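The block underneath contains the structure these notes are about, expressed in structure tokens.
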Amino acid sequence: MSRDVASIEGLSVAFGRPPTQVLALRSVSLTLRAGQITGIVGESGSGKSTLALALIGLLPQAARVTEGAIRIGNQNIAGLPEARLRAIRGARVSMVFQDPMTALSPSRTIGGHLLDAQHRDRASGRSALRTRAIEVLRKVGVPDPAAQLDRYPHQLSGGMRQRVAIAMALLGRPELLIADEITTALDVTLEAQILHLLRELRSEIDGAILFISHNLGAIAEICDQVAVFYAGELVEEGPVRDIFHSPLHPYTRALRDCDPARIEGAARHLPSIPGETPVVRAPPTGCIFAPRCSLATELCRTKVPVWAAIAEGRGVRCHLAVSKT
Ligand SMILES: Nc1ncnc2c1ncn2[C@@H]1O[C@H](COP(=O)(O)OP(=O)(O)OP(=O)(O)O)[C@@H](O)[C@H]1O
Ligand code: SF4
Ligand SMILES: [Mg+2]
């Protein structure tokens, strides 16, 4: 089993205060391993971005970690002061967002951004930093990289901007690269290219990749391990084959079964399941999925299912699934 790069242990995160608080993550545990791409899938509001922001120490002011640990290597970063978190960001954990302009300033050249991204290595000298910037641009598939250094973000296409944002994230040599819906705004062809790039990076970076997506096809195509989230809970986790071929949780099955073709195409998005993801403001008293679950029983409505670990990296949170295993 490869090295643990990061782990979330029993993490709960709330936004705001009662009675209007949102319990955005509840008792989530997940381990990210070197050499693996872990996919996170779940409907809007399931807590995917909250988990990503917790891992990079960027939770918004309104968020509170109410329990649990966020470990990068052996260090628990939950509650660390901003100055310590800043040292971890970029160096140990990097993140790429849906909109590459989140990371790019319109008034700075691509070269300027790529030099800034290497500020920890500035003792190496400008020419070495420039050479490395060109190398990384080439690695992420930017054509004629030297010529791009003098250009501004608006002179690049959306796909090229996203590649530059990935290059910036790689320049810090992170152990954990987080990609939050990075292909959502791209067309099918560009999306396929970025997915291919992530797959290549998986074997090149000595670390882990966390890939968040609504797109089941993309998850099926590039991930090794998959974590399924629903309304702030991890409801199922397993190797990608198990999740798509022998899912245990009714929610995972519903996602897959809405249209089996969806996991084949790279441009498809989450199929819709009747009903809506609830916004959770108080600890649930039964299974959070029960109102939408066709298999719900009285037990489901009155007792919260606990996480059942079935094997290393394989687990489920469902009364029925556990009684069958
Ligand atoms: N800054 C905030 N203040 C208050 N509530 C928030 C904040 N950010 C997120 N939330 C709430 O936390 C829950 C989880 O949100 P999160 O953004 O993590 O979901 P997500 O799975 O990333 O959704 P999407 O697919 O839409 O990106 C939602 O109910 C959301 O409304
Ligand atoms: S615990 Fe019950 S309601 Fe919840 S997913 Fe399992 S069967 Fe459905
Ligand atoms: Mg999100």
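With a simple spin-label model that places each label point 7 Å from the Cα along the Cα-to-Cβ direction, the separation between Ala123 and Arg108 comes to 2.3 nm.
Computed from the Cβ-Cβ distance with R0 of 41 Å, the FRET efficiency linking Glu298 to Glu9 stands at 0.80.
Placing a label point 7 Å from the Cα of Thr325 along the Cα-to-Cβ direction, the residues of the stretch 284-313 with a backbone N closer than 15 Å are 305-313. On a 0 to 90 degree scale, rounded to 10, what angle separates helix 126-139 from the longest Cα axis of the chain? Taking Cα atoms only, the helix is inclined about 50 degrees. Distant-in-sequence amide contacts of Val226, defined by a placed amide H-H separation under 5 Å and a gap of 5 or more residues or a different chain, comprise Gly39, Gly238, Val240.
With protein chains left intact and a 1.4 Å probe, residues in the stretch 57-113 average 51 Å² of accessible area per residue.
Taking a ≥ b ≥ c as the square roots of the eigenvalues of the alpha-carbon gyration tensor, the stretch 108-171 is classed prolate because a/c is 1.5 or more and a/b outweighs b/c.
Label sites at Arg138 and Ala91, each approximated as a point 7 angstrom past Cα along Cα to Cβ, lie 2.9 nm apart. Using the Cβ-Cβ distance between Val188 and Ala69 with R0 set to 30 Å, the FRET efficiency from 1/(1 + (r/R0)^6) comes to roughly 0.15. With contributions of -39500 (n - 2.57) from each DSSP H run of at least four residues, the per-residue ellipticity at 222 nm computed over the chain stands at -9000 deg cm²/dmol. Of the solvent-accessible surface of the stretch 33-178, computed with a 1.4 Å probe over protein heavy atoms with every protein chain present, carbon and sulfur atoms account for 50 percent. For the options Ser203, Ser127, Ser29, a Gaussian network treatment of the chain with springs between C-alpha atoms closer than 10 Å singles out Ser127 as fluctuating the most. Phi angles across the stretch 242-255 convert, under the Karplus curve 6.51 cos²θ - 1.76 cosθ + 1.60 with θ = phi - 60°, into 3J(HN,Hα) values of 5, 5, 8, 9, 9, x, 9, 8, x, 5, 4, 4, 5, 4 Hz, Gly and Pro given as x.
Taking amide hydrogens as placed 1.01 Å from N in the peptide plane, the amide H of Phe289 sits under 5 Å from that of no residue at least 5 positions away in sequence or on another chain. On the beta carbon distance between Tyr152 and Gln21, with R0 = 51 Å, the FRET formula returns roughly 0.75. Computed over the chain with a Gaussian network model linking Cα atoms closer than 10 Å, the most mobile of Gly90, Gly73, Gly57 is Gly73. Within the shell of other residues whose beta carbon sits under 13 angstrom from the beta carbon of Ile209, the net charge comes to -3, with Lys and Arg scored +1 and Asp and Glu -1. Length gained on full extension, Thr131 to Arg281, computed as 0.36 nm times the residue gap minus the Cα-Cα distance: 48.9 nm.
Taking 0.36 nm per residue of separation and subtracting the current Cα-Cα distance, fully stretching the chain between Arg84 and Ala309 would add 77.7 nm.
Charge dipole (Cα centre; +1 on Lys/Arg Cβ, -1 on Asp/Glu Cβ; no other charges) of the stretch 108-171 amounts to roughly 80 debye. When the Gaussian network model of the chain links Cα atoms closer than 10 Å, the mean-square fluctuations of Gly232, Gly68, Gly275 top out at Gly275.
The values are calculated or read from the model by the stated rules, or taken from the named source; none is laboratory data. Treat the numbers as computed from the prediction; the structure is a model and nothing was measured. Note that we place each Cβ from the backbone using ideal geometry, even for glycine, and neighbour counts take in every protein chain shown. Surface areas here come from the heavy atoms of the whole protein model, side chains and all, with no ligands, DNA or RNA. Shrake-Rupley method; radii C 1.70, N 1.55, O 1.52, S 1.80 Å.
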